[in-house]
There are 2 protein chains.
Amino acid sequence: MNKQQIVLAARPKGMPDASTFRFEDLQLPRLQSGDVLVEPTYFSVDPYMRGRMNDAKSYVPPFVVGEPLAGGAVGTVIDSQSEGFAPGDLVTGTLPWATQSVVPGTALKKLDPSLAPASYYLGILGMPGLTAYFGLLDIGKPKAGETVVVSGAAGAVGIIVGQIAKIQGCRVVGIAGSDDKVTLLQDQFGFDAVVNYKTAPDLTKAIADACPDGVDVYFDNVGGAVSDAVIENLNFHARIPLCGQIALYNTTDVPTGPRIQPMLLTRSVLMQGFIIGNYKDRFGEGVRQLAAWVREGKLQYTETTLTGFDKLPDAMLGLFSGQNTGKMIVEV
Amino acid sequence: MNKQQIVLAARPKGMPDASTFRFEDLQLPRLQSGDVLVEPTYFSVDPYMRGRMNDAKSYVPPFVVGEPLAGGAVGTVIDSQSEGFAPGDLVTGTLPWATQSVVPGTALKKLDPSLAPASYYLGILGMPGLTAYFGLLDIGKPKAGETVVVSGAAGAVGIIVGQIAKIQGCRVVGIAGSDDKVTLLQDQFGFDAVVNYKTAPDLTKAIADACPDGVDVYFDNVGGAVSDAVIENLNFHARIPLCGQIALYNTTDVPTGPRIQPMLLTRSVLMQGFIIGNYKDRFGEGVRQLAAWVREGKLQYTETTLTGFDKLPDAMLGLFSGQNTGKMIVEV
């Protein structure tokens with residue numbers, strides 16, 4: 001089979017669709033000194049990648065039209081001109097959406113498959129796990145007995161946030177978009193209550209009912225009307241780690257809504273936007289603690305896996321309709 | 001002349017006006033043990049008092065219809081049944097809007113008129129000074145060379161914020177509502193630039209022009225469209241001490257505007273609402289430092305004074321049309 005890549009065909013206006021992506025045959029260059037030939041086995045698709053499809057200044061540069069998309073991946077080294085990498089090594093890094101790639105060894109990290117299954121390095125031991133860990137603990141600072149609400153609760157980050165909050169001794173309330181997710185989070189992941197935002201007749205009241213002592217920490221993965229309803233229920237001195245705004249990523253106009261500053265002011269609330277790169281000096285600490293909790297059975301993990309390189313666009317689009325429970329992974 | 005008080009005649013809907021207030025003759029009770037009879041010499045009127053006119057849960061209880069309004073005041077003790085207070089003492093505390101009052105001694109603090117003029121205890125050495133000090137330094141954490149923007153820059157808090165930011169070695173940009181205020185802040189208070197939000201044809205661009213290196217700290221006294229324009233210009237890792245939202249205090253509907261979370265997220269911005277009561281354990285530190293800066297000539301101070309007890313309603317209403325430069329004071 002020819003080597004293939006998936007390029008950004010055009011910048012989407014609003015929701016991306018099949019026309020956003022184009023499959024192309026791929027010729028790989030010869031390896032130069034320092035290069036590694038790597039074959040991806042798992043790709044991660046993540047909501048933040050939607051932002052890179054726009055031509056906008058952000059914390060990661062935009063994708064280039066006509067060039068391959070790229071995302072977190074685990075792969076196997078096929079050939080190497082880079083010291084420290086040998087054929088057969090398992091590696092992780094940001095890789096182009098291609099069936100094989102030549103990348104500098106400096107862009108890769110070897111991973112230890114004895115510690116956890118390889119795909120975990122894209123989830124609970126990777127970006128989503130670290131995002132949950134640092135966002136909740138460093139910004140949210142939950143104390144035992146407090147109430148933690150997490151939106152996008154069944155997503156890659158949310159499902160870990162809820163479990164870490166339980167480890168801290170908090171009451172944990174999730175917000176998710178289907179009754180199946182509600183049941184799963186309550187029965188298998190230990191959430192104290194979960195609100196289905198799609199069916200609650202009055203979301204503000206539903207959250208109030210699920211949080212009789214108010215909301216002390218709101219881990220926000222979604223933004224929009226869901227967050228408006230949580231913010232109505234904040235306690236004095238509440239904290240909001242601002243992690244994602246997936247509800248707004250596909251809007252074409254500047255989204256508007258109720259102004260939140262008066263509420264944040266009168267209740268002395270902290271809101272802190274963050275990206276995981278802010279914590280790169282502490283990744284080691286995070287991975288060690290997450291791995292320990294997994295080993296001790298305190299952190300459960302789940303993935304939604306689509307199979308086949310050609311499923312990457314579907315997986316990406318599925319994030320915006322809530323197709324995933326836990327981490328969305330494509331097995332190549 | 002009869003003793004008088006000013007009561008809340010009715011809760012205002014939207015902007016308060018003369019009908020919000022009612023003057024009444026006043027009979028004072030006899031002093032009980034622990035009481036002090038005090039005659040106010042200066043009253044402070046402050047934007048936060050608008051919130052107390054609503055029947056809404058907030059960090060201070062609402063005023064009661066038919067009962068006197070109350071605010072920060074400096075006064076002279078006329079008679080005392082409270083240990084530690086004697087006739088002639090200068091005191092400060094929250095006093096009812098009345099020409100004389102009987103209050104418990106525990107509600108008063110003696111002040112030292114040798115340190116600063118008595119009215120300063122309502123301004124630079126009182127709530128506005130402490131608000132500027134803790135909000136800017138504790139939340140804003142300005143570093144030398146950074147750019148600090150303050151809205152409501154000619155108000156009681158803003159004019160102090162700008163000067164403290166200059167002491168920290170920052171570039172200071174104010175936002176104010178008249179050309180006179182612009183001139184005053186630049187010429188007498190050391191602001192590097194001031195934008196007149198009422199006349200700037202494109203406020204976002206005017207702020208960008210005044211802040212060629214972007215905005216690192218935004219001390220927000222006003223909210224609304226002015227804040228939207230500043231937020232467009234925030235740098236990565238910017239901080240927003242959320243102090244006031246005077247632009248929204250008289251709205252009758254829930255105010256709406258562009259959602260700010262996507263911007264705070266992608267730029268890792270911190271926004272922290274606060275009230276000065278959060279820092280009450282550190283008031284001593286704040287007053288000492290502010291007094292030292294005043295003594296050293298590093299902090300200039302200015303007041304707008306109306307004369308006469310009957311001017312209290314006008315002074316309060318004047319806050320919302322920007323009648324004051326610096327602290328708004330009523331000399332009784």
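The values are calculated or read from the model by the stated rules, or taken from the named source; none is laboratory data. Small disclaimer: the values here were computed from a predicted structure and weren't measured. Neighbour counts run over all protein chains shown; Cβ positions are idealised from the backbone, glycine included.
Of all residues in region A:42-75, those that are of a type in the set (S, T, N, Q) and either more than 24 Å from A:Glu331 (Cα to Cα) or surrounded by fewer than 16 Cβ atoms within 10 Å (Cβ to Cβ) (or both) total 2.
Scanning region A:292-304 for residues that are surrounded by fewer than 16 Cβ atoms within 10 Å (Cβ to Cβ) and either closer than 15 Å to A:Gly71 by Cβ or hydrophobic (A, V, I, L, M, F, W, C) (or both) yields a total of 1.
Table: residues versus (1) more than 23 Å from B:Gly297 (Cα to Cα); (2) buried (at least 22 other Cβ atoms within 10 Å of the Cβ); (3) among the β-branched types (Val, Ile, Thr); (4) in the same structural domain as B:Asp314 (by TED's automatic domain parsing).
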position	(1), (2), (3), (4)
B:Asp89	yes, no, no, yes
B:Thr106	yes, no, yes, yes
B:Thr131	no, yes, yes, no
B:Ala153	no, yes, no, no
B:Gly158	no, yes, no, no
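None of A:Gly273, A:Gly214, A:Gly277 is more than 23 Å from A:Gly129 (Cβ to Cβ) and either charged (D, E, K, R) or within 14 Å of another protein chain (Cβ to nearest Cβ) (or both) except A:Gly214.
Table: residues versus (1) within 23 Å of A:Asn278 (Cβ to Cβ); (2) without any contact (Cβ under 8 Å) to a residue 40 or more places away in the chain; (3) not in a loop (DSSP other than H, G, I, E, B).
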| site | (1), (2), (3) |
| --- | --- |
| A:Gly169 | no, yes, no |
| A:Leu184 | no, no, yes |
| A:Val195 | no, yes, yes |
| A:Ile207 | no, no, yes |
| A:Pro241 | yes, no, yes |
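Evaluated against (1) closer than 20 Å to A:Leu264 by Cα; (2) basic (Lys, Arg); (3) in contact with a helix residue (DSSP H, G or I) (Cβ under 6 Å, 6 or more places away or on another chain); (4) more than 10 Å from every other protein chain (Cβ to nearest Cβ), B:Lys298 falls short on exactly one condition, (1).
Taking the conditions exactly as written (within 14 Å of chain B (Cβ to nearest Cβ), at pLDDT 95 or above and buried (at least 16 other Cβ atoms within 10 Å of the Cβ)), does A:Phe309 satisfy them or not? Judged against the criteria, A:Phe309 is not a match.
Scanning region A:187-219 for residues that are in contact with a strand residue (DSSP E or B) (Cβ under 8 Å, 6 or more places away or on another chain) and loosely packed, with under 15 Cβ neighbours inside 10 Å yields a total of 1.
Table: residues versus (1) within 14 Å of chain A (Cβ to nearest Cβ); (2) farther than 24 Å from B:Gly145 by Cβ.
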| site | (1), (2) |
| --- | --- |
| B:Tyr197 | no, yes |
| B:Ala200 | no, yes |
| B:Thr204 | yes, no |
| B:Ala225 | yes, yes |
| B:Ala229 | yes, no |
| B:Asn235 | yes, no |
| B:Arg239 | yes, no |
| B:Ile246 | yes, yes |
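Of the strands (runs of 3 or more DSSP E) entirely within region A:1-109, those holding at least 1 residues that are among the aliphatic types (A, V, I, L, M) and in contact (Cβ under 8 Å) with a residue 60 or more places away in the chain occupy A:4-8, A:35-44, A:101-104. Among the residues of region B:249-258, those identified as farther than 19 Å from A:Val254 by Cβ and at the interface with another protein chain (Cβ under 10 Å from one of its Cβ atoms) are B:Tyr249, B:Thr251, B:Asp253. Among the residues of region B:74-91, the one identified as modelled with pLDDT under 95 and not small (Gly, Ala, Ser) is B:Glu83. In region B:137-148, the count of residues that are in contact (Cβ under 8 Å) with a residue 40 or more places away in the chain, over 14 Å from B:Leu290 (Cβ atoms), assigned to a helix (DSSP H, G or I) and more than 20 Å from the chain's Cα centre (by Cα) is zero.
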